[in-house]
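A.B. asks: Below is the structure I would like to discuss, written out as structure tokens.
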Number of protein chains: 2
Amino acid sequence: MRQLFIPVFLAVLILCQYSLFAQSSDNLVQYVRPIIGTQRMGHTYPGATVPFGMVQLSPDTDTIPYEQNGKYNPDVYKYCAGYQYDDKTIVGFSHTHFSGTGHSDLGDFLIMPSTGDLKLNPGTADKPRSGFRSAFSHATEVAEADYYKVKLEDYNILAELTATTRVGFHQYTFPAADQAHIILDLVSGIYNYEDKNVWTFVRVENDTLVTGYRQTSGWGRTRTLYFAMSFSRPFYQYGNKNYSKKEVYRGFWGKFDQAHNFPEIAGKQIRMHFDFHTREGEKIKLKFALSSVSTDGALLNLRTEAPGWDFEKVRQDGQALWNKELGKVLVDAGKEEKENFYTSLYHAFINPTVYMDVDGSYRGLDQGIHKADGFTNYTTFSLWDTHRALHPLFNILQPRRNADMIQSMLAHYDQSPQHMLPVWSNSANENWCMSGYHSVSVIADAIVKGNTPFDPGKALDACIATSQHRSFEGLGVYIDKGYIPAESNGVSVSTTLEYAYDDWSIAQAAKKLGRMDTYAAYLRRSENYRNVYDPSIGYMRPRLSDGSFKQSFDVLSTNDQGFIEGNAWNYSLYVPHDPAALIGMMGGKKRFVQHLDSLFTMELPDRFFAETEDITRDGIIGNYVHGNEPSHHVAYLYNWTDQPWKTQERVRMILQKQYRPTPDGLGGNDDCGQMSAWLIFSTLGFYPVAPGSDQYSLGSPAIRNAVLHLENGKDFTIEVQDQGDKNVYVRKMVLNGQPLTRRYITHAEIMNGGKLVFYMSAKH
Amino acid sequence: MRQLFIPVFLAVLILCQYSLFAQSSDNLVQYVRPIIGTQRMGHTYPGATVPFGMVQLSPDTDTIPYEQNGKYNPDVYKYCAGYQYDDKTIVGFSHTHFSGTGHSDLGDFLIMPSTGDLKLNPGTADKPRSGFRSAFSHATEVAEADYYKVKLEDYNILAELTATTRVGFHQYTFPAADQAHIILDLVSGIYNYEDKNVWTFVRVENDTLVTGYRQTSGWGRTRTLYFAMSFSRPFYQYGNKNYSKKEVYRGFWGKFDQAHNFPEIAGKQIRMHFDFHTREGEKIKLKFALSSVSTDGALLNLRTEAPGWDFEKVRQDGQALWNKELGKVLVDAGKEEKENFYTSLYHAFINPTVYMDVDGSYRGLDQGIHKADGFTNYTTFSLWDTHRALHPLFNILQPRRNADMIQSMLAHYDQSPQHMLPVWSNSANENWCMSGYHSVSVIADAIVKGNTPFDPGKALDACIATSQHRSFEGLGVYIDKGYIPAESNGVSVSTTLEYAYDDWSIAQAAKKLGRMDTYAAYLRRSENYRNVYDPSIGYMRPRLSDGSFKQSFDVLSTNDQGFIEGNAWNYSLYVPHDPAALIGMMGGKKRFVQHLDSLFTMELPDRFFAETEDITRDGIIGNYVHGNEPSHHVAYLYNWTDQPWKTQERVRMILQKQYRPTPDGLGGNDDCGQMSAWLIFSTLGFYPVAPGSDQYSLGSPAIRNAVLHLENGKDFTIEVQDQGDKNVYVRKMVLNGQPLTRRYITHAEIMNGGKLVFYMSAKH
């Protein structure tokens, strides 16, 4: 009786608190709509996660195989985050998801409750009743920060999800059922294919605890994830089926019935079921903890983070964490703007993800177990995307975490057999995705901005070592010739441009640390962008080994023209570290403005759009591709011309056209928060055109007021006078009472606290 | 100059010491001939290992696949230890081998040196030049305890091997070669098949150090072994080839040339090469450390056990370890007898094997990392074989190690999801091989003999839990009915008999610990052998569920007659714990003697021999099968009749017929030392008919004199008067000056030290 009483009492108390809280002004979670970006190309997921959480517990509406009949299946791309808004069925709820990536992996440990005759096959979308998947409707779906709810219509089961950093918490409300099942599908995965599952190992420790691991080889080539799964009540029987096409050697295991109530299961393609009898309205809860280290680590995480069975408390704690993080920026704006802004902040604060047990242990790149000494270890570094605005945003709003992320990168460097900083790393794996070595940009930005609770000298050494790895993607010949010849590399121009920018960022860090020889050397390297510019046509252009430019060339095409995720029109603007020099090289300000204007206004023929990866038609404005990253700084380049008002105009247009608080509200992949970080900066009125510089280029704020609560205890306020949809032009600016006539503010000006007032106008 | 001088000086010193030592009387290594049992059915290996070493570094003459075209390939059986004496080529030298098993696994990390054009395929025995394998001759082969040498004729490379507990040490003397290679074959393995390699992961850390791991699924279902490989000089280039039939997902790794000088390799079927230029006579040395824990663990083992590059010192240290262990028994006998005896002692002291890093860390059955607290963790428990004589031998000669082995079994029990003691365990895996639960015999024997530096009460609890696991192989119905019905199990009779013996051993342990209820209960269970005895025919016989005996039955056949590795003739004698009752049941002493006599003298028709597993024609005497274990106690059963002289006669005959100091000198699998332990006991004149009893049944010693140097500091001497080939009968015995008229001695009598004198005669 007493046991019963206390939870009920607490639950009532919590509900009261929650409803009070929900009405209070600092309930920012109400503006977070995780559903944004789940339709079409956003590749976000609607499920439950805490800030930077290791667990992303979210519904998967399909798990299309990466290959069919030995050929790439382009539909797999839709399911980078496991969920597509237009789908009619949910296959189950898995614990790991990338947010907004354009390639994918994960989808580990899919859980699905069901009733009736046991089905251990997921079935297909066109024949949903053929498997355990269930129909669902958006009418019953609730997606909040760290809370997801949906009715599984085939089974009349209400599914609710929440999470702590390392533990997914499921709550399934069953109907009365003689046959009720919880399915653990260890076959399912995102970007799955026949041989992706390398090994699965499961132990049923007792009638409420299951442990194990799965190793996969996908984007993460050697990726092992451990789990511990705890049930709120005992199952009365359990079993599994091994779906491996070819059974591995069985030996004396053959003398057991391994399919029923057998506690030790191993193989490549395992699906398990745990069976119950349920009363009407009975809740079966699951806690599912992850670890990169061991099942013991998962158990430690489980017992530390989620010791009890109070689902509402875990949800409330998770949403409180979100309110704390979201509360770092308070904005005054319309509801839609707030939804866009706080959902962007939510998406920005999802990645990178914590990657260590509660005791600091984590699996390293060498697949050995390491201890994070004095920092939180993170993974999911989509650096080609996130060095641009996400990490600079962290230097303002999450400086401690950003420094820990850099410590994590340095640990990766220490563990790397190539002695390189991460390129695109996840879960103790480097996947080498995209180009450049943009860790150096993140590190340089932190060094230049003085956010260095790590050893900046060692960090700079790591940057230098990375930038000198001759066998890495044309880097040797780049060092020798100053550009990558088109013969040796299909994306020779964009990679040359990216190297040049990265080198500039190394130079800035060296200068800050007083290493002037390094500064000079890398400043020289940073001018290599000049070597792929063809003045005869006014574009960056693939150059051959003999110094001549490649003859066949199309400035609009992104297909095999020497650029990655962009065409010459966009990439010719990619000298973020020296727009003034770029403008000079391209014929001066007037001609440059013409180039920019044309970019935003031209009509891109359909055949060129078809080549443009990762974005919808909405993700493009003229020939300006916002849905991909290489042009994210472009709108701000007008600031280096005589027409800075065009920056203000374009930024506001992009904010309006590219972001909507709807499922299809993202015009391209969110890319681990980079698209969101662009919105956050641009909404606040400034943007880091060249991370590694301490300057933010000024645009046109889209809120009435914003206060940045900084970790150092100071506040930086942005006040906007005469804000309005048409008042997109900045008439004047006043910083801390003094007129601001520059087109940038500095990092120090923000971090010292103070107030920047924009005076807006409908005319420029 | 100084660096050169010191090793040369040391080498000279070592060689002097070694040659002096080799001539001294306590150089017992000279009698060890690891080549014994390498021809035909012995399944021993000739390579280098230290006592109970984790590394068994030995040549593999072939790696026949377990399956060909989807069907079992019976030839694989010949290669249980990787080496067959009749073969003409060596494929390479791998680091793990079982000794004498009748099923197999391991063969991890095959190293092969070569010269000339690189071949990364092993080739086949019939087309040796098609791959990297090399011809060799026994003329250049030297196999000693912890030392192996052979000339690889195709390459004119002298290969030498030695080992520490966890490190294999290779020394290859090359000719002058512009192309010299060290091949690391990560595909090769024993009992290999297409999907056995689950994953391989390798890092080239620098130009002398390589680390990695391989996971396989074979007899050990989820087995992962880590390594660290150190070269004595830098390779100038390296590379690999992935032989996976289906390439796994490559992603952005495709932008690298992963085959050449690329430091991070992963996949399922990898072979690597490390390239050198060599001068004539140049030695390239390799140290290859193993760990079950991690590559860091392997590095720790490497640096702790083998810090230097002095091959001769490692060999000398290893052989000194062997002399120390072999010196526990000094025998006076002829050269051949000494070779048989010390080689048996050598083979007995190979298994079980150490299974932890130097810091006590090891991988447990749950695939988690554990620490052995206060004991050395062992693996390779071939308990169906070794509970009979090997572990009893350890209770005399290796009591500390035997107690550690029991601690290791108890740790296994703690980690077991079935909550069972090991059946046949290796490398953090239970393979469930054979029948019974003979851990309980090993534990009971130690408890009864007072060798319990572990918690005997906890150990007994583990025995009881194991014996009550109803879902284990007929155990539930055995508990209910007192026998396993023939309908439910193909080996119902032998398993019933084994359970009955195991139960008796539990009873003995319970009695010793004063748990008399348990004693009584298990003593009752131990009489279950009566339930499968058919008095109408005088044999043990399969019995059906309804209590009737199975009609169709052949007492000579081993094929589907209800017995494992034996027929009714042999298995009807399997009541080791109560021979007197057995004799009574079988019609009295006279009739029993007739049964025994017939067993040893009858002519077994060829068709029945053909069914007898694991042994050569030599492994059988009449219908007595010494090559398999279930009859190992049989010759001693005459001691319970009126004709004990026949025990003496038979034992001497078995010693002569079943053991020879030649490659084909073992008539059956050595079975991890059980065959050898039989020889050791029987040569000394006594045998543990029923482990769990403190009595050893007396036979006929085959030496002139033996001194057992016991760990407790005492000596037990066996003196034999009038020894001779024909003087096989014991005329009288004197123990510590008192006439001994019993047909047994007790464990305490041995362990208290003293002298037993046998007086021999040509007449009984």
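A.B. asks: Check off (1) touching a strand residue (DSSP E or B) at 6+ places or on another chain (Cβ under 6 Å); (2) surrounded by fewer than 19 Cβ atoms within 10 Å (Cβ to Cβ) for B:Glu336 and give me the number that stays unchecked.
C.D. replies: (1)
A.B. asks: Here are A:Gly457, A:Gly450: which of them is on the phi > 0 side of the Ramachandran plot, open to solvent by 10 Å² or more (accessible area, probe 1.4 Å) and out of contact with any Phe, Trp or Tyr (no Cβ under 7 Å at 6 or more places or on another chain)?
C.D. replies: Checking each option against the conditions leaves just A:Gly450.
A.B. asks: Can I ask one more? Out of the residues in the range B:108-154 meeting the condition of being farther than 18 Å from B:His273 by Cβ and of a type in the set (Ser, Thr, Tyr), tell me which one is surrounded by the most Cβ atoms within 10 Å (Cβ to Cβ).
C.D. replies: In this case the residue turns out to be B:Tyr148.
A.B. asks: Could you tell me which residue of the range A:395-431 is most open to solvent (accessible area, probe 1.4 Å), considering only residues that are farther than 23 Å from A:Ile350 by Cβ and not charged (D, E, K, R)?
C.D. replies: Only one residue fits best here, namely A:His419.
A.B. asks: Of all residues in the range B:490-542, count the ones that are on the phi > 0 side of the Ramachandran plot and either part of a helix (DSSP H, G or I) or open to solvent by less than 40 Å² (accessible area, probe 1.4 Å) (or both).
C.D. replies: Of the residues in the range B:490-542, 1 are on the phi > 0 side of the Ramachandran plot and either part of a helix (DSSP H, G or I) or open to solvent by less than 40 Å² (accessible area, probe 1.4 Å) (or both).
A.B. asks: Name every residue in the range B:453-489 that is assigned to a helix (DSSP H, G or I), farther than 18 Å from B:Thr518 by Cβ and within 14 Å of chain A (Cβ to nearest Cβ), in order of residue number.
C.D. replies: Of everything in the range B:453-489, those that are assigned to a helix (DSSP H, G or I), farther than 18 Å from B:Thr518 by Cβ and within 14 Å of chain A (Cβ to nearest Cβ) turn out to be B:Gly476, B:Ser488.
A.B. asks: Okay, next question. For the range A:245-274, which positions are facing chain B (nearest Cβ under 9 Å), in a loop (DSSP other than H, G, I, E, B) and open to solvent by less than 60 Å² (accessible area, probe 1.4 Å)?
C.D. replies: A:Val248, A:Tyr249, A:Phe256, A:Phe262, A:Pro263, A:Lys268 - these are the residues of the range A:245-274 that are facing chain B (nearest Cβ under 9 Å), in a loop (DSSP other than H, G, I, E, B) and open to solvent by less than 60 Å² (accessible area, probe 1.4 Å).
A.B. asks: When you scan the range A:695-764 for strands (runs of 3 or more DSSP E) that lie fully inside it, which ones turn up with 2 or more residues that are open to solvent by 20 Å² or more (accessible area, probe 1.4 Å)?
C.D. replies: Answer list for the range A:695-764: A:705-709, A:715-721, A:729-735, A:744-746, A:754-761.
A.B. asks: Right, here's the next one. Quick check: is even one residue across the range B:299-320 crowded, with 22+ Cβ neighbours inside 10 Å, within 14 Å of another protein chain (Cβ to nearest Cβ) and outside any helix (DSSP H, G or I)?
C.D. replies: Checked the range B:299-320: no residue is crowded, with 22+ Cβ neighbours inside 10 Å, within 14 Å of another protein chain (Cβ to nearest Cβ) and outside any helix (DSSP H, G or I).
A.B. asks: Now for a separate question. Being open to solvent by 10 Å² or more (accessible area, probe 1.4 Å) and at pLDDT below 95 is the filter; apply it to the range B:178-209 and report the residue that is farthest from the other protein chains (Cβ to nearest Cβ).
C.D. replies: B:Asn192
A.B. asks: Does B:Val198 meet the test of being in contact (Cβ under 8 Å) with a residue 40 or more places away in the chain and among the aliphatic types (A, V, I, L, M)?
C.D. replies: yes
A.B. asks: If you go through the range A:600-622 one residue at a time, do you hit one that is among the β-branched types (Val, Ile, Thr), assigned to a helix (DSSP H, G or I) and modelled with pLDDT of 95 or more?
C.D. replies: No: the range A:600-622 contains no residue that is among the β-branched types (Val, Ile, Thr), assigned to a helix (DSSP H, G or I) and modelled with pLDDT of 95 or more.
A.B. asks: Looking only at the range A:65-90, how many residues end up being without any contact (Cβ under 8 Å) to a residue 40 or more places away in the chain and either assigned to a loop (DSSP other than H, G, I, E, B) or of a type in the set (Asp, Glu) (or both)?
C.D. replies: 5
A.B. asks: For the range A:340-364, which residues satisfy the criterion of being assigned to a loop (DSSP other than H, G, I, E, B), open to solvent by 10 Å² or more (accessible area, probe 1.4 Å) and within 14 Å of chain B (Cβ to nearest Cβ)?
C.D. replies: A:Asp359
A.B. asks: May I ask you to list pairs of residues, at least six apart or on different chains, whose Cβ atoms are under 7 Å apart, with the first in the range B:369-393 being assigned to a loop (DSSP other than H, G, I, E, B) and the second being open to solvent by 10 Å² or more (accessible area, probe 1.4 Å) and small (Gly, Ala, Ser)?
C.D. replies: The qualifying pairs are B:Asn377/B:Ala411.
A.B. asks: As an exercise: evaluate B:Pro175 against (1) more than 10 Å from chain A (Cβ to nearest Cβ); (2) in a strand (DSSP E or B) and give the number of the one condition it does not meet.
C.D. replies: (2)
A.B. asks: Then there's this: Looking only at the range B:510-525, decide whether some residue is polar (S, T, N, Q) and under 23 Å from B:Asn623 (Cβ atoms).
C.D. replies: So far as the range B:510-525 goes, no, none of its residues is polar (S, T, N, Q) and under 23 Å from B:Asn623 (Cβ atoms).
A.B. asks: Is it the case that B:Gln30 is farther than 24 Å from B:Arg401 by Cα, in contact with a helix residue (DSSP H, G or I) (Cβ under 8 Å, 6 or more places away or on another chain) and in a helix (DSSP H, G or I)?
C.D. replies: The answer is yes for B:Gln30.
A.B. asks: If B:Leu302 satisfies all but one of (1) at pLDDT 95 or above; (2) hydrophobic (A, V, I, L, M, F, W, C); (3) more than 23 Å from B:Ile183 (Cα to Cα), what's the number of the condition it fails?
C.D. replies: (3)
A.B. asks: Out of B:Tyr66, B:Tyr77, I need the residue that is in contact with a strand residue (DSSP E or B) (Cβ under 7 Å, 6 or more places away or on another chain) and modelled with pLDDT under 95. Which one?
C.D. replies: From the options B:Tyr66, B:Tyr77, the qualifying one is B:Tyr66.
A.B. asks: Next up: Kindly provide the set of residues from the range B:220-240 that are at the interface with another protein chain (Cβ under 9 Å from one of its Cβ atoms) and open to solvent by less than 10 Å² (accessible area, probe 1.4 Å), ordered by number.
C.D. replies: Once the filter is applied, which keeps residues that are at the interface with another protein chain (Cβ under 9 Å from one of its Cβ atoms) and open to solvent by less than 10 Å² (accessible area, probe 1.4 Å), the range B:220-240 yields only B:Thr222.
A.B. asks: Do you know which residues across the range A:365-385 are surrounded by fewer than 24 Cβ atoms within 10 Å (Cβ to Cβ) and more than 14 Å from chain B (Cβ to nearest Cβ)?
C.D. replies: The answer is A:Ala372, A:Asp373, A:Gly374, A:Phe375, A:Thr376.
A.B. asks: Only one of (1) touching a residue at least 40 places away in the same chain (Cβ under 8 Å); (2) more than 14 Å from chain A (Cβ to nearest Cβ); (3) surrounded by 24 or more Cβ atoms within 10 Å (Cβ to Cβ) fails for B:Asn323. Which number is that?
C.D. replies: Condition not satisfied by B:Asn323: (3).
The values are calculated or read from the model by the stated rules, or taken from the named source; none is laboratory data. Treat the numbers as computed from the prediction; the structure is a model and nothing was measured. In this analysis, Cβ positions are derived from the backbone assuming ideal geometry, glycine residues included, and neighbour counts consider all displayed protein chains. Surface accessibility is based on the protein's heavy atoms, side chains included, excluding ligands, DNA and RNA. Shrake-Rupley method; radii C 1.70, N 1.55, O 1.52, S 1.80 Å.
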